[in-house]
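These notes concern the structure reproduced below.
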């Protein structure tokens, strides 16, 4: 399965799932019966919060489950026009923005993401909206506006380790296509290679672009091959280096394995339920895989977790990423994100374990974590910053010295 296709499916499904609606357990399972159920709630008091939430749910069902996105979008638009600043309108606006972006309607997507960023600046997703605005300008060929938003994103969110390599690559690409900006382009590409040596495919692209610009590529880091670091077997190596980044592994009875998943004691969610709510199990290729050898199970649970992480829903993300680790997956990106989720949940011992695993495959990422934790310690939540630094102690003498020096400030 094409990874971008899989990610877009998961992203749409998560955004359009009914995870945020809380009524009684008597909600019908059949989509059309649920529409009638929510319609009755709406009719009771069309101006109430419950009515707006019911209207939102009806739109989701049309969009996500009945294969009628046009009708779903129409309902979302009506919801927004009736009360533009309501929380439900923010949710609807996010769906519309994401739909336009996925359909390559970048002018509309840019307008909608900008509206979301301005009207719902307190929503955590406004950070992603800011990045999508930059992407829209880039795709439209408006490079001056694109570079403005990419640089602004880099400056606003210096601790967003998962997205920074992508942002820097876009910055370098824009500069490389502008006259008299080759030096800035080389700086951006070199920064990716030096600070994010394990960020693929951005590092490979940055090296090639540096050569095209006549620059000198930065030497490979001293990070050892994952085979040496983790002593994993050949099956695990196939999973780590597959197209999706973590790769498939077959299971004789995927349905039995999946049925045995339980709620995470740490994060309070069951990854099985989250996958069911995402709608991904209804995708033809995933359904076929689950009926057979379950080759896509690892990719699906990891990427569902990834999308929750992008939405900064760290408890749901953590439940999925934790399950990915239980399935035997290795990888720097997984260790980093799971460690962050443990930190957000206040599980510092578990966070320390995840970051130690990260240090084995991407030691330079620990430097980045120390720097971001130090900024939090000095400028933000001092207690959270202190704990974030302390959970990185014990990885190496060099890191310990740097951390202890900061903690004495």
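Each reported figure results from applying straightforward, stated rules to the coordinates on display, with no laboratory input. Computed from a predicted structure; not experimentally measured. All Cβ positions, glycine included, derive from the backbone under ideal geometry; neighbour counts span all protein chains shown.
Points worth noting:
- Cα centroid separation - region 116-162 against region 259-277, whole Å: 32
- Ranking of 116, 189 by neighbouring Cβ atoms within 10 Å, starting from the fewest: 116, 189.
- In terms of surrounding Cβ atoms within a 10 Å radius of their Cβ, 348, 261, 94 rank from fewest to most as 348, 261, 94.
- Ranked 173, 262, criterion: other C-beta atoms within 10 Å, fewest first: 262, 173
- Dimensions (Å) - region 337-409, Cα atoms, principal axes, largest first: 29, 27, 17
- The label point for residue 156 and the one for residue 262, both projected 7 Å from the Cα toward the Cβ, are 4.3 nm apart.
- Look at where the Cα atoms of region 67-102 and of region 330-409 average out, and the two centres are 39 Å apart.
- Gyration tensor (alpha-carbon) shape descriptor, region 141-217, a/c threshold 1.5: oblate
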